[in-house]
Structure formats: C-alpha cells, structure tokens
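Asks: A single structure is presented below for examination.
The values are calculated or read from the model by the stated rules, or taken from the named source; none is laboratory data. Note that the coordinates shown come from a computational prediction; the quantities given were computed from them, not determined experimentally. In this analysis, Cβ positions are derived from the backbone assuming ideal geometry, glycine residues included, and neighbour counts consider all displayed protein chains.
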Protein chains: 2
Amino acid sequence: MQTIFKGGKAFIVKYCNQCGSKLSYRISKGDDRPRFICDVCGIIHYENPKMVVGCIPEMEGRVLFCRRAIRPRYGKWTIPAGYLENGETMEAGAIRETLEETGAKVEALKPFGLYNLTFINQVYLIFRGRLIDDHHQAGNESLEVRLFKEEEVPWAELAFSVIREALHTYYQDRLNEFFPFHIGDIQEA
Amino acid sequence: MQTIFKGGKAFIVKYCNQCGSKLSYRISKGDDRPRFICDVCGIIHYENPKMVVGCIPEMEGRVLFCRRAIRPRYGKWTIPAGYLENGETMEAGAIRETLEETGAKVEALKPFGLYNLTFINQVYLIFRGRLIDDHHQAGNESLEVRLFKEEEVPWAELAFSVIREALHTYYQDRLNEFFPFHIGDIQEA
C-alpha cells in the first residue's frame, strides 16, 4: 500500500477527504497502478511527489548556511530549503525559505539543479541567489546562521545527501566558472 | 478557502483522511497561512503544487505531437506530458507519458524548461528527448499522433499556453543551435 510522507512521518490515507467514507486501495479501470478510491463519491485520491525549493545564498565567494533547529537532523548544517506552497512561484518559494531560515534576502535567482528523491517522493530544485547584503539572523527553524568560505564548509555535518551533492557540484562549477543546469538522482536521506 | 485542483476540477478538503473527522481551516501556531487541520488527530493536511513532466520528442528536425482525446482541450494538439507519479524520476515520468500518449520511445532526455503555473498550482518540467525510431501510434488519450516539421506546427490549435511558450522558446533555441535551461511563469491555461 502506498505510503504518504508528511514532515518525515509516514501516513496511509484511510478516509475520503470529500465525504468521510472509508477508501478502497485498488486499480481503477484504465489505470495502471493502485490508488486510494472513494466508492461512495467516486473520487480518486491521487498522491504525487512534492517539490522542495532551496537556495545557495552567495556573497563574495561565501555561502550562507543554517544549522537546523528542527527535526529531522537537528543541529546539522544545510542551506535554506522547504516545500513549495500553492500559489507560489519556485523562485518566490526559495526567497521565502531563505528569509524564514536565515533572515537574509536573496535576489537574481538562477536555477542550479533539480534532484529526484524517489525514496521520499520529493523533487528538490536548488537555485543560486545573490545576497543583497550581509544581514542575517537565525529564524525559528535555525540554531545558527553563518557565511562560510569553501574551506570552512562543515561537510561531515551536513543534514542531507541532496544538499551535499548539490554543494559538491556547485564548488566544482565555481572552479570552472561555468554553471550548467544539473539534474540528478539522490538515493538516500 | 484553499481550493484543490484535481483533473481540472476544484475540490475543497472537508474530512481528515486519517480519522474521518471534519476539518478546520485555520492558521496553526507558528504557521503563516491557513491550512486544513484535524482537531481530533492533530494532523495538518498540507496541499502543495503538483509536477507535470513532459517531453519534446525529436527526430531529424521534426517533433512528435499528439491530439488530445480527453478533456480539457479535447481535439487540440500538444506534446506528451502528465503528472509525475510517486516513486518515479522526472525523466522516467516523461518517458512513460510519451509512451502512453504517442506509443513512441524517447531516450537521452535533457531538461529544457521549468514553468510556474501558480493559477492551477502546477509546475511543468519539459525535457527534449530523442525518438529511438519513427514508430508511433495514438494511445487511449490521443486521437492522432504526428511528426511535424516546424512549418507544420498547428500553433492556433495548441492545447495549453505552457506548451505554446515552451515550443516558441524551443524553435528559437534551434535557430541559435544552443539550448540553455529556461525558467518561466505562465499566466493562463
């Protein structure tokens, strides 16, 4: 049975969110995989991957990192990122997450990389963004926020594989002074 | 109140899919926008944009189009595209949709463009893909499938603005023989 991930927890859909009836889990006619289906009101409850949008906030060769004040990976370092909201563009989402988690404002965002995380039904889109000034302060979800030079990056203390992968690629691109758009698959959290 | 779009129809979430209780629509503590919340089991029912993955199937300067056999835009032309499924990479989704809608196989996919459709809470990712041969046939969702040269493209009969925008950009890039990655906002269906 298909499992839904929300905030790192696994849920199974049981009731119709339209009429409150118990759902079936079966392959509907013409479909090729089982879904949660309401036999009372006829609605198929599709579940699809969620997008996470994030930013590599840049200033004079340094990158702004934040240390997580929330689970999972409490205390580990990352770059600002979070779920894209309804009604929001991907750039606006990355700008919002950067402001919420680091107190910093970024502009002139450029798409950097897109990553499949099929094991948790997520897609990550990472931008590069220019910090408008050096103001930053930890938001509610961060313990600490800091600008790191490349040699200061806490590689062993990074929160997520996708962030490690994106940053490795980013620093390679910086050597080449060329930033092509990347697409990749991440296999573990 | 937030509206959920499924298959072109608008739904409002009413019941908890975990316990079947009636939901509240309110701003939870520490959040910045209203969500559907279950006051019985405490779950917040987040709703986020869905990803559509599609492909520009290429062969010797021609592109494979399909004419829709389903609503919306029955009878209009488009390129293969559909919702990304859980557990599926973006490339695999675009390959699957191309096979389902046109009967054709594509390989060597390259990301072409990413589009915000905030008015329907969707993100489109379009790849370019190489047709492995000229075999194609209409699937259940297509009336007709055809390889078009640029001068044959039925611009006035295209199904969606996002497809029109992506294809305009694509043919411009072909003139330049250079395909940078694009990101854009689409304002209408």
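Asks: If I filter segment A:118-128 for residues that are charged (D, E, K, R), closer than 23 Å to B:Y46 by Cβ and in the same structural domain as A:P180 (by TED's automatic domain parsing), do I get at least one hit? Spell out the reasoning first.
Replies: Taking segment A:118-128 and keeping what is charged (D, E, K, R), we get A:128.
Filter once more, keeping what is closer than 23 Å to B:Y46 by Cβ: none.
Within segment A:118-128 (the criterion being charged (D, E, K, R), closer than 23 Å to B:Y46 by Cβ and in the same structural domain as A:P180 (by TED's automatic domain parsing)), the answer is no, since none of the residues qualifies.
Asks: Pull up segment A:123-141, narrow it to residues that are farther than 21 Å from B:F181 by Cα, within 14 Å of another protein chain (Cβ to nearest Cβ) and surrounded by 13 or more Cβ atoms within 10 Å (Cβ to Cβ), then point me to the one that is nearest to the chain's Cα centre (by Cα).
Replies: Quick first cut of segment A:123-141, residues farther than 21 Å from B:F181 by Cα only: A:131-141.
Within this subset, residues satisfying the condition of being within 14 Å of another protein chain (Cβ to nearest Cβ) are A:139-141.
Applying the additional criterion that residues be surrounded by 13 or more Cβ atoms within 10 Å (Cβ to Cβ) yields A:139, A:141.
On the way: A:G139: 17, A:E141: 14 Å.
My answer is A:E141.
Asks: Only one residue in A:E88, A:E107 is modelled with pLDDT of 95 or more, more than 14 Å from the chain's Cα centre (by Cα) and surrounded by fewer than 18 Cβ atoms within 10 Å (Cβ to Cβ), so which one is that? It would help to see each step written out before you state the result.
Replies: Values: A:E88 fails: surrounded by fewer than 18 Cβ atoms within 10 Å (Cβ to Cβ).
After applying the criteria, what remains is A:E107.
Asks: Quick one: how many residues across segment B:148-189 are in a loop (DSSP other than H, G, I, E, B) and among the charged types (D, E, K, R)? Spell out the reasoning first.
Replies: At the first step, the residues of segment B:148-189 found to be in a loop (DSSP other than H, G, I, E, B) are B:149, B:153-154, B:159-160, B:177-181, B:186-189.
When the remaining residues are screened for being among the charged types (D, E, K, R), the result is B:149, B:177, B:188.
Final tally of qualifying residues: 3.
Asks: Is there a residue being more than 8 Å from chain A (Cβ to nearest Cβ), modelled with pLDDT of 95 or more, exposed (fewer than 14 other Cβ atoms within 10 Å of the Cβ) and in a loop (DSSP other than H, G, I, E, B) anywhere in segment B:41-52?
Replies: Checking segment B:41-52: not a single residue is more than 8 Å from chain A (Cβ to nearest Cβ), modelled with pLDDT of 95 or more, exposed (fewer than 14 other Cβ atoms within 10 Å of the Cβ) and in a loop (DSSP other than H, G, I, E, B).
Asks: Something else now. Taking the condition closer than 22 Å to A:E157 by Cβ, of a type in the set (F, W, Y) and surrounded by fewer than 16 Cβ atoms within 10 Å (Cβ to Cβ), does A:Y115 pass?
Replies: Numbers: closer than 22 Å to A:E157 by Cβ: yes; of a type in the set (F, W, Y): yes; surrounded by fewer than 16 Cβ atoms within 10 Å (Cβ to Cβ): no.
Spelling it out, it is not the case that A:Y115 is closer than 22 Å to A:E157 by Cβ, of a type in the set (F, W, Y) and surrounded by fewer than 16 Cβ atoms within 10 Å (Cβ to Cβ).
Asks: Would segment A:12-20 turn up any residue that is more than 14 Å from every other protein chain (Cβ to nearest Cβ) and surrounded by 13 or more Cβ atoms within 10 Å (Cβ to Cβ)?
Replies: Here is the first cut: in segment A:12-20, the residues more than 14 Å from every other protein chain (Cβ to nearest Cβ) are none.
No, segment A:12-20 contains no residue that is more than 14 Å from every other protein chain (Cβ to nearest Cβ) and surrounded by 13 or more Cβ atoms within 10 Å (Cβ to Cβ).
Asks: Under 6 Å between Cβ atoms, which residue pairs at least 6 apart in sequence (or on different chains) link something in segment A:134-148 that is on the phi < 0 side of the Ramachandran plot with a partner that is surrounded by fewer than 18 Cβ atoms within 10 Å (Cβ to Cβ) and acidic (D, E)?
Replies: Listed pairs, sorted by first residue: A:A138/A:E144; A:G139/A:E100.
Asks: Could you go through segment B:101-113 and let me know if any residue there is of a type outside the set (V, I, T), in the same structural domain as B:R130 (by TED's automatic domain parsing), touching a residue at least 60 places away in the same chain (Cβ under 8 Å) and out of contact with any helix residue (DSSP H, G or I) (no Cβ under 9 Å at 6 or more places or on another chain). Give the derivation first.
Replies: Start the filter on segment B:101-113 by keeping residues that are of a type outside the set (V, I, T), which leaves B:101, B:103-105, B:107-113.
This time we only want the ones that are in the same structural domain as B:R130 (by TED's automatic domain parsing), so: B:101, B:103-105, B:107-113.
This time we only want the ones that are touching a residue at least 60 places away in the same chain (Cβ under 8 Å), so: B:110-113.
Subsequent filtering for residues that are out of contact with any helix residue (DSSP H, G or I) (no Cβ under 9 Å at 6 or more places or on another chain) retains B:110.
There is at least one residue in segment B:101-113 that is of a type outside the set (V, I, T), in the same structural domain as B:R130 (by TED's automatic domain parsing), touching a residue at least 60 places away in the same chain (Cβ under 8 Å) and out of contact with any helix residue (DSSP H, G or I) (no Cβ under 9 Å at 6 or more places or on another chain).
Asks: Look through segment A:55-109, keep the residues that are outside any strand (DSSP E or B) and of a type in the set (S, T, Y), and return whichever of them is nearest to the other protein chains (Cβ to nearest Cβ). Lay out the reasoning, then the answer.
Replies: The initial filter retains those residues of segment A:55-109 that are outside any strand (DSSP E or B), namely A:60-61, A:69-76, A:79-80, A:84-105.
After this cut, where a residue has to be of a type in the set (S, T, Y) as well, the list is A:74, A:89, A:98, A:102.
Details: A:Y74: 16, A:T89: 4, A:T98: 15, A:T102: 16 Å.
Going through the qualifying residues, I end up with A:T89.
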